[in-house]
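Single-structure report; data block below.
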Amino acid sequence: SQQGEEDPQALSIQEGENATMNCSYKTSINNLQWYRQNSGRGLVHLILIRSNEREKHSGRLRVTLDTSKKSSSLLITASRAADTASYFCATDSRQAGTALIFGKGTTLSVSS
Amino acid sequence: DAGVTQSPTHLIKTRGQQVTLRCSPKSGHDTVSWYQQALGQGPQFIFQYYEEEERQRGNFPDRFSGHQFPNYSSELNVNALLLGDSALYLCASINRRVAGGQSTQYFGPGTRLTVL
């Protein structure tokens, strides 16, 4: 079963614009991670945010976590064509141990 | 620092056959998880191996089995292949002794399995 749901399913923007993707989940979590996947290849880890953290930054990425709403957002600033990919949120929880539960992903297309 | 590696990259099998996929974890990692990703979907957890034993299992039939070797590498075996087993199979690794495993999971490039 899939715990996370990303929104939107697809997003098309121009280079230089910001891209925001949202993720909702159902059960209490330990951590939430965001991954990027290019053209059906392996997953590249972007950022991990723990349940006791509210915001985290890494380069052009900003992740927020609202455990009361069971939601997270990923903001990519000043998007580039190379950011074109699918983005997934994944959660782990006390119940699921270290098994990651993924959503269906957001497909981001950045055109130049 | 070697990342997670998987072999083969692509594989084509016919229904009813058996397949073995291989994974070597990131250097320093001792726990390997396997995921199945169907086209257009997010990855789904199959099972996890630590200390050469299956520790957790997702909602997959017994046709899916695995093994972990003393060097922490792992195999995923699928018997009696069905058309629906066509997917990208991903391996991920962590160091369970770091923060109880509550840390970044690193993924390999995956094996694309096509069942005809």
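The values are calculated or read from the model by the stated rules, or taken from the named source; none is laboratory data. This one's a predicted model, so the numbers in the text were calculated from it and none came from an experiment. With ideal geometry, Cβ positions are generated from the backbone for all residues, glycine too; neighbour counts draw on all protein chains shown. Side chains are part of the model used for accessible areas, which takes the heavy atoms of the whole protein and leaves out ligands, DNA and RNA. Shrake-Rupley method; radii C 1.70, N 1.55, O 1.52, S 1.80 Å.
Across the alpha-carbon set of the protein assembly as shown, the Rg to Rh ratio works out to 0.97, Rh being the Kirkwood radius.
Restricting the calculation to Cα atoms, segment B:5-115 yields a radius of gyration followed by a Dmax of 13.3, 42 Å. Legend: residues in segment A:34-72 shielded by at least 50 square angstrom of accessible surface upon adding the remaining protein chains to the isolated chain (1.4 Å probe, heavy atoms) are A:LEU43. Computed from protein heavy atoms with a 1.4 Å probe, the total accessible area buried between A and B is close to 1700 Å². Panel note: contact residues of segment B:69-116 (accessible area lowered by at least 50 Å² against the chain on its own; 1.4 Å probe) correspond to B:GLN102, B:THR104, B:GLN105, B:PHE107. Per residue, the accessible area of segment B:5-115 comes to 45 Å², computed with a 1.4 Å probe over protein heavy atoms only. Of the residues A:ILE76, A:LEU100, A:TYR87, the one whose Cα sits farthest towards the positive end of the charge dipole of segment A:5-111 is A:LEU100 (charges of +1 on Lys and Arg Cβ, -1 on Asp and Glu Cβ, taken about the Cα centre). I'd like the residues of segment A:89-104 whose 1.4 Å-probe accessible area shrinks by no less than 20 Å² going from the isolated chain to the full set of protein chains. Those are A:THR98, A:ALA99, A:LEU100, A:PHE102, A:LYS104, which lose 20 Å² or more relative to the chain on its own.
For chain B, the fraction of 1.4 Å probe accessible surface lying on carbon and sulfur atoms is 49 percent.
What are the GluC sites (Glu not before Pro) within segment B:26-94 that DSSP puts in a loop, where the Cβ has at most 16 other Cβ atoms within 10 Å? When the GluC sites (Glu not before Pro) of segment B:26-94 are filtered for loop state and at most 16 Cβ neighbours within 10 Å, B:GLU51, B:GLU52 remain.
Cross-link reach is defined here as a Cα-Cα straight distance under 12 Å, omitting same-chain residues fewer than 8 places apart; for A:LYS104 the aspartates and glutamates meeting it are A:GLU5, A:GLU6, A:ASP7. The longest stretch of chain A left intact once loop-based GluC sites (Glu not before Pro) with at most 16 other Cβ atoms within 10 Å are removed from consideration, loops following DSSP, is A:54-112.
Surface composition of segment A:5-111: carbon and sulfur make up 44 percent of the accessible area, probe 1.4 Å. The calculated FRET efficiency for B:THR114 paired with B:ASN59, based on their beta-carbon distance and R0 = 25 Å, is about 0.65. Across all Cα pairs in chain A, the calculated P(r) in 10 Å bins from zero up to the longest distance comes to 15, 50, 29, 6, 0 percent per bin. Averaged over its residues, segment A:8-112 has an accessible area of 46 Å² per residue, based on protein heavy atoms and a 1.4 Å probe. Averaging Cα coordinates gives a centre for segment A:21-91 and one for segment B:43-116; these two points are 23 Å apart.
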